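Here is the structure we will look at, set down as structure tokens.
The values are calculated or read from the model by the stated rules, or taken from the named source; none is laboratory data. This structure is a prediction, so every number in the text was calculated from the model and none was measured. Don't worry about glycine lacking a Cβ; one is built from the backbone with ideal geometry, like all the others, and counts go over all protein chains shown.
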Amino acid sequence: MMVDVDPVLEALWMKTLQSWSEDERHKALIAYCREVNVLDEAARRYRTVVDGQAEGIESTPEVIEDAKKRLAGVAIIAVATLQADRTEPGAPAMHRKVRLAGYVVFLLIMGLLAYAVSPALRGD
């Protein structure tokens, strides 16, 4: 099975590993993953650091602890993103009802206008 490799994600991850203590690198990585909707990939990569399986960085206790915090942050962002994208179950039905009511009011107004103008059109 061939997996598509995102070169931007790969570059951001490599820069993050090379300068682990730079908070801006982590922020850029997570922001990019959120933008392209691959927060799960960011979480997977931080998990490899926590598990000591990441290539390119030594998993010291400090790095592992930091990776756990980053992993928790990614999870919070993912949940917040899901909640923000979620719509209420009754929203579309409510929109239909409001639209239908608008059509009914429009038709009533048009009927009243036609009734009011009809004597003028007949020459009464």
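Observations on the structure shown:
- Residue in the stretch 74-92 that is modelled with pLDDT under 85, of a type in the set (D, E, K, R), more than 26 Å from Val5 (Cβ to Cβ) and over 32 Å from the mean Cα position of the chain (by Cα) present: no
- Residues located in the stretch 59-107, provided they are assigned to a loop (DSSP other than H, G, I, E, B) and loosely packed, with under 10 Cβ neighbours inside 10 Å: Arg86, Thr87, Glu88, Pro89, Gly90
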